[in-house]
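The values are calculated or read from the model by the stated rules, or taken from the named source; none is laboratory data. Given the structure is predicted, the values throughout are model-derived calculations rather than measurements. Note: ideal-geometry Cβ built from the backbone for every residue, glycine included; neighbour counts use all protein chains shown.
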Amino acid sequence: MSDTNSPRLDPTRIDEASLERYLSAHLQGFKGPLEAEKFPGGQSNPTFRITAGGKQYVLRRKPPGQLLKSAHQVDREYRVMKALGSTDVPVPRMHLLCEDDSVIGSTFFVMEYLEGRIFWDPALPDFSKAERTRLYDDMNRILAALARLDPAAVGLSEFGRPGSYYARQTKRWTEQYRASETVTIPEMEILIDWLVKNMPPDDGLISIVHGDYRLDNMIFHPAEPRCLAVVDWELSTLGHPYSDIAYQCMQWRLPNEGVFRGLGGVDRAALGIPTEEDYVARFCERMGIASIPIWTFCLVFNFFRLAAIIQGVYKRGLDGSASNRESALQRGAQVPMMARMAIDLIDGAKR
């Protein structure tokens, strides 16, 4: 029987002695003794603050245990952030990648620790109206910079398969959903069928896609409403430039209650937060396009994709391998609701 108290199996712990030996040998300027503290939140790849020799670092690792195929690819996170280090898309500085599972039990990378703020509530209650407007515009600016970036120019031309992004992603997330399915959810079956039947033709547009572009995956300046770094690139790939903005705009529709931190029902005008229409229009202006012609499809696809991701988190919660089991189980219960919101989008487009 395996020892579940071992730090090699516990997603909240790290074998500090083994990690200290490795970093002392491979990270320039590193000096022990080392202490590791897991950051709160996060359901996918456990992330730790590493303190050693008066310096701080951030370590991100694959969770232990049996994982779904192609999930938790921290090596891809490291590669894309290292490539983006010289672009207009702000990311932390990468220090090293370790793919030797014998060190702490799974692949991990170490990156720069940035002194900044992470915000969980998109309504930003502690900000002024003007600060909220500036902060949302900075997120929009960075997103457009990423969507405009030529993957080949930063060495990422082979970071994913080009073309047919939505078709490939629909297939992938359907397979991931099936692999973590616990009960039949009729709404998810409706979405899977609709996405296949309403797949838009490939328009040839290719960009680097973050895959989880949202407020709490960014580190903001300690005192100013501007972004210092975009983090959590686990789902990044070569994709379609309209995907990330549709994913972010789901937050305008999700409720601001329970396990969700959305903007649904929030008086955005009073807060200085742009409407979905204004946010998309500013993105289009920065992209040099008039509009996004497949907007409903992009939103529906992203609702389905997020529901499939949450179902995977729920399955890991049931299996005992989730980073935060209680939160994983709470979120998993919301999969039917998310699928229903996507169906409502489809129905609304028919009217």
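Within segment 181-189, is there a residue that is of a type in the set (A, V, I, L, M), at pLDDT 95 or above and surrounded by 19 or more Cβ atoms within 10 Å (Cβ to Cβ)?
yes
Answer yes or no as to whether Asp100 is closer than 27 Å to Pro255 by Cα and surrounded by fewer than 18 Cβ atoms within 10 Å (Cβ to Cβ).
Against the criterion (closer than 27 Å to Pro255 by Cα and surrounded by fewer than 18 Cβ atoms within 10 Å (Cβ to Cβ)), Asp100 does not qualify.
In the list Asp278, Asp244, which residue meets the criterion of being in contact with a strand residue (DSSP E or B) (Cβ under 8 Å, 6 or more places away or on another chain) and part of a helix (DSSP H, G or I)?
After ruling out the rest, the residue left standing is Asp244.
Does Tyr177 fit the bill of being in a loop (DSSP other than H, G, I, E, B), surrounded by 18 or more Cβ atoms within 10 Å (Cβ to Cβ) and out of contact with any strand residue (DSSP E or B) (no Cβ under 6 Å at 6 or more places or on another chain)?
no
Cβ contacts < 7 Å: first residue over 19 Å from Pro122 (Cα atoms), restricted to segment 273-288; second residue polar (S, T, N, Q) and loosely packed, with under 14 Cβ neighbours inside 10 Å, any location; separation 6+ or different chain. Result?
So the pair list comes out as Cys284/Ser291.
Assess whether Gly258 counts as being assigned by TED's automatic domain parsing to the domain that holds Asp344 and over 28 Å from Gly239 (Cβ atoms).
So Gly258 passes the test.
Kindly provide the set of residues from segment 132-156 that are in contact (Cβ under 8 Å) with a residue 40 or more places away in the chain and either outside any helix (DSSP H, G or I) or hydroxyl-bearing (Ser, Thr, Tyr) (or both), ordered by number.
Selection gives Thr133, Tyr136, Leu149, Gly155, Leu156.
Quickly run through segment 99-127 and pick out the residues that are touching a Pro at 6+ places or on another chain (Cβ under 9 Å) and farther than 16 Å from Ile14 by Cα.
Matches in segment 99-127: Met111, Glu112, Tyr113, Leu114, Glu115, Gly116, Arg117, Leu124, Phe127.
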